[in-house]
1. Can you tell which of 42, 24, 20 is in a helix (DSSP H, G or I), touching a residue at least 12 places away in the same chain (Cβ under 8 Å), within 14 Å of the ligand (Cβ to nearest atom) and within 25 Å of residue 199 (Cβ to Cβ)?
2. Does at least one position in the range 171-193 carry a residue that is over 17 Å from the mean Cα position of the chain (by Cα) and within 28 Å of residue 84 (Cα to Cα)?
3. Which of the residues that make up the range 116-130 are touching a helix residue (DSSP H, G or I) at 6+ places or on another chain (Cβ under 9 Å) and either more than 8 Å from the ligand (Cβ to nearest atom) or free of Cβ contacts under 8 Å to residues at least 40 places away in the same chain (or both)?
4. Only one residue in 185, 199 is crowded, with 20+ Cβ neighbours inside 10 Å, in contact (Cβ under 8 Å) with a residue 40 or more places away in the chain and within 14 Å of the ligand (Cβ to nearest atom). Which one?
5. Can you pull out the residues in the range 93-107 that are more than 8 Å from the ligand (Cβ to nearest atom) and within 18 Å of residue 21 (Cβ to Cβ)?
Ligand code: CDP
């Protein structure tokens, strides 16, 4: 049986891949997987439970038992609405620490595969092309310079009324890049056959259009 097509979009923090991926999904009428949200959910749940960030086996069990639902843009964890709570910068940092553990990553494989439904899926994360959907029809590594990404994150936070400092954001995202790229399991990398999309100088619309053009040329 032929599985529905997947467009895999990987990249570093604050590269805009979430925005681009969800818009591409909307244009194509595809499902959308924000895999980072799953790691953020584990991070939040582990914080609530007071689980040690280095306790890989307990974190793996916790990740397996999470009751998660994505409905109308809202994310529920054990029926509590955590859509905003998981976006906290501290939860992002915590997510990148727990994401290092193979036990946690393994526990989230099934739920990610579950998003692959007709007519297709756009999946964003760090290891979509390399590990979770290696047969993706289109693989993209979406990136921008650290400075451009820090500025984007800064504007996002300020627009939401959340106080932020550009220097701190730049430092945090460089720390997160280093951890995501250097880990032993499923590191952030340009997967075999992936196309690099450098967005420092591109608008969101231009990035979305590029992805759609690439997809069309793959499927034509
Ligand atoms: O929003 P941002 O790009 O900062 O992060 P995210 O995509 O929400 O992911 C949060 C953290 O989860 C990342 O820093 C990664 O360490 C981890 N992650 C991962 O390891 N694998 C994925 N497929 C997605 C996220």
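1. Of the residues listed, the single one that is in a helix (DSSP H, G or I), touching a residue at least 12 places away in the same chain (Cβ under 8 Å), within 14 Å of the ligand (Cβ to nearest atom) and within 25 Å of residue 199 (Cβ to Cβ) is 20.
2. Yes, the conditions are met somewhere in the range 171-193.
3. Within the range 116-130, 119, 120, 121, 122, 123 qualify.
4. Details: 185 fails: crowded, with 20+ Cβ neighbours inside 10 Å.
Of 185, 199, the one residue that is crowded, with 20+ Cβ neighbours inside 10 Å, in contact (Cβ under 8 Å) with a residue 40 or more places away in the chain and within 14 Å of the ligand (Cβ to nearest atom) is 199.
5. none
A short reminder: the numbers here are calculations on the coordinates, not readings from a lab. Bear in mind that the values here come from a model prediction, so they are computed numbers and not experimental data. Every residue, glycine as well, gets a Cβ built from its backbone with ideal geometry; the counts of neighbours run over all protein chains shown.
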